[in-house]
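Comments concern the structure below.
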Amino acid sequence: MIEILEKGFVTLPVTSKRHAFASLGVPAGGPMDSFRYDLANALVGNSADAPALEATLILPGIRFTDRRAFSVVGGVRGITLLHKGEKRLLPAGETLFAEPGDELLSVPLECGMRAYLAVSGGFRIEALRPKPVMKGDRLTLQPGDLPIPRSLQGLSLPMPPGEAVVRVVG
């Protein structure tokens with residue numbers, strides 16, 4: 001379980017896109033940046049559709065209640081984990097480990113608008129709801145093994161498919 005200590009600006013539980021109700025006009029939903037969402041889940045050994053948290057503008061502050069692997073991808077270059085009263089600066093984009101009582105400190109995003117927080121095992125689907133998390137919320141986690149540590153450092157990441165047009169208006 002994790003406890004939300006600070007909600008950030010808007011932090012939503014997200015899962016991969018669901019297309020089952022498209023014929024009824026229901027949008028697929030899912031994360032705004034599915035590439036970073038997938039990377040965050042891969043770093044902790046989760047399946048590609050495991051629920052994660054999508055933070056907008058500010059990373060939430062959370063407390064871990066059991067030993068877990070976690071990752072933060074997008075929006076920040078590093079995070080601060082409070083471990084037994086000591087602040088530890090850790091890189092984003094890696095498999096990180098938290099002990100019971102450790103706190104991930106809330107920080108404004110510095111490079112981009114969204115960051116994804118994945119936790120080994122993923123969040124329980126029945127614990128999620130289509131509204132932002134709030135201070136004091138407790139989110140239940142699925143059982144999960146601790147994965148082999150991985151890092152995005154030095155990897156050449158593929159660009160998403162399609163074209164991008166950049167226009168400079170001066």
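Among the residues of the stretch 24-52, those that are at pLDDT 70 or above and part of a helix (DSSP H, G or I) comprise 34, 35, 36, 37, 38, 39, 40, 41, 42, 43.
Yes or no, residue by residue, for (1) touching a helix residue (DSSP H, G or I) at 6+ places or on another chain (Cβ under 8 Å); (2) open to solvent by 10 Å² or more (accessible area, probe 1.4 Å); (3) closer than 25 Å to residue 136 by Cα:
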| site | (1), (2), (3) |
| --- | --- |
| 39 | no, yes, no |
| 42 | no, yes, no |
| 48 | yes, yes, no |
| 72 | yes, no, yes |
| 86 | no, yes, yes |
| 114 | yes, yes, yes |
| 117 | yes, no, yes |
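Considering the conditions (1) more than 18 Å from residue 1 (Cα to Cα); (2) open to solvent by less than 20 Å² (accessible area, probe 1.4 Å), residue 123 is excluded by exactly one of them, (1). Checking the condition touching a strand residue (DSSP E or B) at 6+ places or on another chain (Cβ under 9 Å), more than 14 Å from residue 11 (Cβ to Cβ), modelled with pLDDT of 95 or more and among the charged types (D, E, K, R), which residue from 68, 63 passes? That would be 63, the only listed residue that is touching a strand residue (DSSP E or B) at 6+ places or on another chain (Cβ under 9 Å), more than 14 Å from residue 11 (Cβ to Cβ), modelled with pLDDT of 95 or more and among the charged types (D, E, K, R). Evaluating residue 150 against the criteria (1) modelled with pLDDT under 80; (2) more than 16 Å from the chain's Cα centre (by Cα); (3) of a type in the set (Lys, Arg) leaves one unmet condition, (2). Residue count for the stretch 100-121, restricted to those that are of a type in the set (Asp, Glu) and either touching a Gly at 6+ places or on another chain (Cβ under 8 Å) or modelled with pLDDT under 95 (or both): 2.
Does residue 95 meet the test of being of a type in the set (S, T, N, Q) and within 18 Å of residue 8 (Cα to Cα)? No; evaluated as a whole, the condition is false for this residue. Out of all the residues in the stretch 131-151, which are over 16 Å from residue 43 (Cβ atoms), open to solvent by 60 Å² or more (accessible area, probe 1.4 Å) and assigned to a loop (DSSP other than H, G, I, E, B)? Within the stretch 131-151, 131, 134, 135, 143 qualify.
Exactly one residue out of 59, 39, 53 is under 11 Å from residue 116 (Cα atoms), in contact (Cβ under 8 Å) with a residue 12 or more places away in the chain and in contact with a Gly (Cβ under 7 Å, 6 or more places away or on another chain): that is 59.
The values are calculated or read from the model by the stated rules, or taken from the named source; none is laboratory data. Nothing here was measured: the structure is a model prediction, and the numbers come from that model. Neighbour counts are summed over all protein chains in view; Cβ atoms, including those assigned to glycine, are modelled from backbone coordinates with ideal geometry. The area values use the complete protein model at the heavy-atom level, side chains included, leaving out ligands, DNA and RNA. Shrake-Rupley method; radii C 1.70, N 1.55, O 1.52, S 1.80 Å.
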